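Asks: My questions will all concern the structure given below.
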Amino acid sequence: MHRIRGFVWLVVAAVCGMALIAPSIAMAKAKRQLPVEEAILTFAPEVPPPITRKTPAVVRATLQGGMKEMPITDQFSYTFWTFNDHVPGPMIRARVGDTLELHMTNTDSSGMPHNVDFHAVTGPGGGATVTTVVQGEERVAWFKLLHPGLFIYHCAAPPVMDHIANGMYGLILVEPKAGLPRVDHEFYVLQSEFYTKDAPEGATKLEFSHEHGLQEHPRFVVFNGRVGSLVGDHALKAKTGDHIRIYFGNGGPNLISSFHVIGEIFDNVYREADLISPPAHSVQTTLVPPGGATVVEFETEVPGSYTLVDHAIFRVEQGGVGFLQVEGPPRHDIYVSQDDAATCPGCLVHP
Ligand SMILES: [Cu+2]
């Protein structure tokens, strides 16, 4: 009897062992067949260079969960929960058919676990279930990218809403097989909102409010992680006649963005970041849901200042405004007036 039981356990152990070994064999096989390259990770508004490869590769990227106190406005700081010490996290660029080799690490001394849910990944949790790490740990996973598009990734460790609300999101672009048409400038812009408690008199740091998140009452609606990230010296820059592409994501956690550029009409909108279907043309404003993205293209015909907004326009006062400065000779054939341009004092959208 003991001998039979022993044999059964032996079989169980062997099957479990095979189950553990099987994925590593599959991974090893995939890695042997494909070249491995380090992903070029960039921080907003920078975009990694286009993929020039015509064949698949293993694209290796490291995401590091952590915490960092940084300015959220010129007046206040905030302890953000970060990927690679930034909000938003880095942009990753790959090609459909590539295998993303993801190294997930964690430097968060609070002991909080972090992970990553890629909307570009097919499989449970978008990868979250196999990438959860606490401080000092590293987990590696391989994900074959089956769909082209521009996708959000975010931390999904519990409570998921707190991890997103505190800044843990970013974009991964999966180029279609044929790539994307070349343009003069590509920009990475991500909208999100922050929920904070009222600051006591004289405070210089704001604290997270889960309650305000639940009520969907943000204090800030921002582009690229802070008020003023695309204002003044940080404005995006181009010249007349340039073709611009904006990779625009919405980290949420709650609000739908009505993305609009004041003074421009989008030549092309890859609605919901669908890079396979033909894009829509001549679009004024496009909706981007939380956990979603869009890709817009336009030509900068007329010089001047163009304003990126969420056209739910009260959000401009909450920080949801950025600028694209276009330099070049006047285009009086398109835009001309009897008098010089004048701005209204205190105007947030036409400075
Ligand atoms: Cu997290």
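Asks: Between Lys239 and Asp85, take the C-beta separation as r, use R0 = 45 Å, and let me know the FRET efficiency to the nearest 0.05.
Replies: 0.90
Asks: Calculate how many DSSP beta bridges within the chain are antiparallel, expressed in % of all such bridges and rounded to the nearest 5.
Replies: Details: 58 of 87 bridges.
Roughly 65 percent of the beta bridges in the chain run antiparallel, per DSSP.
Asks: Most exposed first by the Cβ proxy, i.e. fewest other Cβ within 10 Å, how do Met91, Met112, Met161 rank?
Replies: Fewest to most other Cβ atoms nearby, the residues stand as Met161, Met112, Met91.
Asks: R0 = 22 Å: FRET efficiency of Thr107 with Arg60, Cβ-based, nearest 0.05? Walk me through the numbers before you get to the answer.
Replies: Numbers: r = 19 Å, r/R0 = 0.87.
It comes out at approximately 0.70.
Asks: Now for a different question. Once you have the Kirkwood Rh of segment 30-175 from its Cα pairs, apply Stokes-Einstein at 4 °C and 1.567 mPa s and quote D in µm²/s.
Replies: Approximately 84 µm²/s, per Stokes-Einstein.
Asks: Using Cα pairs closer than 8 Å and at least 6 residues apart in sequence, work out the relative contact order for the chain, in percent.
Replies: Relative CO of the chain lands at 14 percent.
Asks: Which residue fluctuates the most in the chain, going by a Gaussian network model with Cα springs under 10 Å, if the choices are Gly125, Gly320, Gly228?
Replies: Evaluated over the chain, the most mobile residue of the options is Gly125.
Asks: Among 253-259, 131-137, 71-77, 341-347, what's the highest-first ranking by average C-beta atoms within 10 angstrom per residue?
Replies: 253-259, 131-137, 71-77, 341-347
Asks: Starting from the Cα of Val160, step 7 Å toward the Cβ, then list every residue of segment 216-257 with an amide N under 15 Å from that point.
Replies: Those under the cut-off are 251-254.
Asks: Among His147, His217, which comes first, second and so on when ranked by fewest other beta-carbon atoms within 10 Å?
Replies: If I rank by nearby Cβ atoms, fewest first, I get His217, His147.
Asks: So if I average 1/r over every pair of distinct C-alpha atoms in segment 272-351 and take the inverse, what Kirkwood radius in Å does that give? It would help to have the intermediate numbers written out before the result.
Replies: Details: mean 1/r = 0.0649 Å⁻¹.
Every distinct Cα pair counted, the radius reaches 15.4 Å.
Asks: For q = 0.11, 0.13, 0.19, 0.22 Å⁻¹, what log10 I(q)/I(0) does segment 160-247 give under the Debye formula with an equal point scatterer on each alpha carbon and no solvent?
Replies: For the requested q values the scattering log ratios are -0.48, -0.62, -0.97, -1.13.
Asks: Over the chain, what number does the Rg to Rh ratio reach, with both radii from the alpha-carbon atoms and Rh per Kirkwood?
Replies: The Rg/Rh ratio comes out at 1.05.
Asks: Starting with the fewest neighbours, write out Glu101, Glu207 ranked by other beta-carbon atoms found within 10 Å of each beta-carbon.
Replies: Lowest count first: Glu207, Glu101.
Asks: Using only the alpha-carbon atoms, how far is helix 2-33 inclined from the longest principal axis of the chain? Give it as 0 to 90 degrees, nearest 10.
Replies: Its long axis makes an angle of about 40 degrees.
Computed from the coordinates by the stated procedures, all read-outs in this text should not be read as laboratory data. The shown structure was predicted, so the numbers you read here are calculated from the model rather than taken from an experiment. Positions of Cβ are generated from backbone atoms using ideal geometry, with glycine treated the same way; all protein chains shown enter the neighbour counts.
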